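Take a look at the structure set out below.
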Amino acid sequence: MRKKIVAGNWKMNTTVSEGVALAKAVAEKAAGLNNGAGIIVAPPFTHLVSVAEALKGSKVGLSAQNCADHTKGAYTGEVAVDMLVDAGCAWTILGHSERRQYYGETDEKLVEKVRLALDGGLGVILCVGENLDEREAGRHFDVVKAQTENVLFNFSAEDMKKIVIAYEPVWAIGTGKTATAEQAEEIHAYIRKVLADHFGKKVAEDMTILYGGSCKPSNAKELFAQKDIDGGLIGGASLKADDFIGIALAF
Ligand code: 13P
């Protein structure tokens, strides 16, 4: 069975106290949700322990936005999977386009990180997506296929049960320019086909594939109505509990 998920990527926003207040508001509103949507929030590292505490007993899951590519030791500034689990995380986002673009994260590096995350017991939300130049050159299918293959084809069908894919076209992130439901659906269906060709139909059918990029309550309904769109990875709109849960209500 494919899970429906709405995940909030807070990026580098909020102070700890603002984050705790936001998490509490999300937890409270999520309690009234009964459409089967899983809710996840991904605050900055500094917030994780306090937000985990604030989410205790709620149905909201906690995610990190990244993890280290080593298990421990002399890696200044990095945070290891074990530390994230200990802080209360069940998930980590990996391969966000902002990490690929600004911090040189490669598919190769992502293979190591996904492996460490899964070994350490975290679920992974793996982001893929083309930039504007690639879209305008008509290369979006090839780019997304390569990102999917380069990372996920190193894992087993069993591993895939703990992985969620987020398709986030870079030109739609934070721009207010959402992919149309048709544009998003054709890529989601394509990702599912790429998975089916390698892992078989069952794995592909069970895979949760989220859409991300200027998703908000007003456009979520049409996006989530598509056959291959199983929810969203939300940036800006996840910073307001009403908007975030408003998106989750769109199923
Ligand atoms: P926005 O919803 O702000 O466009 O961000 C999407 C995103 O990058 C989520 O990871």
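Values in this text are rule-based calculations from the coordinates and carry no lab data. In this text, all values refer to a predicted model and were calculated from it rather than measured experimentally. Positions of Cβ are generated from backbone atoms using ideal geometry, with glycine treated the same way; all protein chains shown enter the neighbour counts.
In whole Å, what three semi-axes, largest first, describe the equivalent ellipsoid of the stretch 1-103 built from its Cα gyration tensor (square root of 5 times each eigenvalue)? Walk me through the intermediate numbers first.
Numbers: eigenvalues 115, 48, 34 Å².
Whole-Å semi-axes of the equivalent ellipsoid: 24, 16, 13.
With all projection directions averaged, the alpha carbon convex hull of the chain covers 12.2 nm². Measuring between their Cα centroids, the stretch 43-121 and the stretch 137-196 lie 21 Å from each other.
Taking a Cβ cut-off of under 13 Å around ASP228, the surrounding Lys, Arg, Asp and Glu residues balance to a net charge of -1, with basic ones at +1 and acidic ones at -1. Counting only Cα atoms, the size of the stretch 144-193 along its three principal axes is 36, 20, 19 Å, in decreasing order.
Per residue, the convex hull spanned by the Cα atoms of the stretch 165-251 amounts to 80 cubic angstrom.
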